[in-house]
1. Give me the Kirkwood hydrodynamic radius of region 128-238 in Å, from all C-alpha pairs, to one decimal place?
2. Compute the distance in nm between two label points, each set 7 Å from the Cα along the Cα-to-Cβ direction, one at A229 and one at I124.
3. Taking R0 as 22 Å, what's the FRET efficiency between I169 and Q236 from their Cβ-Cβ distance, rounded to 0.05?
4. Please list 3J(HN,Hα) in residue order for region 213-223, calculated via the Karplus relation 6.51 cos²θ - 1.76 cosθ + 1.60 where θ = phi - 60°; whole Hz, with x for glycine and proline.
5. Calculated from DSSP H runs of 4 or more alone, at -39500 (n - 2.57) each and per residue, what is the 222 nm mean residue ellipticity of the chain, nearest 500?
6. Which one, A131, P216, G87, projects farthest toward the positive side of the charge dipole computed for region 65-224 from Cβ point charges (K/R +1, D/E -1)?
7. Taking the Cα centre of region 80-205 as origin and charging only Cβ (+1 Lys, Arg; -1 Asp, Glu), how large is the dipole, in debye to the nearest 20?
8. Using 0.36 nm per residue, how much length does the chain from E202 to N71 gain when fully extended, once their Cα-Cα distance is taken away?
Amino acid sequence: NDDSFTDFMRAIDAMKQERTLRGLVLDLRYNPGGLLRSAVEFSNLFVSGGSIVSGQDRSGRTVWELSAQPNRSALADIPTVVLINQGSASASEIVAGCLQAHDAAVILGERSFGKGSVQTVHDISTRAAEAAVKLTTQYYVLPPVVAGESGRLVHKKPGADDWGVNPDIEVPMSPEQVQAAIELRRKADLIADWIDEAEREERPEVDALVREGLDPQLEMALLLLQARALKDLEAQQLARRD
């Protein structure tokens, strides 16, 4: 929404004040999307140039394109893992697909939903009744992974066997793991001040998501970032010796 990007940057600043930021997990699982502008702002943080997303009409012609601006790519050098699953749709697919196309992050989890249509609402009300019709006028197209090739269509069309964003590393989760992880995170995110003191429960430790194997996708993301951080540290030490 309108506040997401600002809230995200405040969280980044808070983390940087606490310690050096060596990696980031961007969790877009069950994220149904939102504003195109926000998707572009988030994508530009990690991508310093090139296309972010474009619009294609029913004839396959590109009718508009939004590109990254170098002065807005504040996190382009931060190792990042993006988590997606079948609940990631629309704007979240634009972010994940853009970062994947530009090799700006590792995409991990399960294939996204496949909602990439641009729709407009037209009023057809009469004096007798209010009515409107929603028309699909364009499709979102992700940047090509290989230069010179056509971009990837996000939307799942009838009969399609490939759609959305496919993860670089596929890590499935069982229904039991999904339910347990969602329940723990829901309880951990509750704002205590909004609940009567007599009804408050002890806030669970979010570390249990990894420690107890409740969220293998998050666990793998952390392992990848830890390995990358260790590699970078070793490279810095070798550079000092040279």
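The values are calculated or read from the model by the stated rules, or taken from the named source; none is laboratory data. Note that the structure is predicted; figures quoted are calculated from it, not measured. In this analysis, Cβ positions are derived from the backbone assuming ideal geometry, glycine residues included, and neighbour counts consider all displayed protein chains. Accessible surface areas use protein heavy atoms only, side chains included; no ligands, DNA or RNA. Shrake-Rupley method; radii C 1.70, N 1.55, O 1.52, S 1.80 Å.
1. 19.4 Å
2. Each label point is offset 7 Å from its Cα along the Cβ direction, giving 5.6 nm.
3. Details: r = 26 Å, r/R0 = 1.18.
So, using R0 = 22 Å, E works out to roughly 0.25.
4. Karplus-based 3J(HN,Hα) across region 213-223 equals x, 7, 9, x, 5, 5, 4, 5, 4, 5, 4 Hz.
5. Per the formula, -11000 deg cm²/dmol.
6. About the Cα centre, the residue reaching furthest to the positive side is A131.
7. 720 debye
8. 42.8 nm
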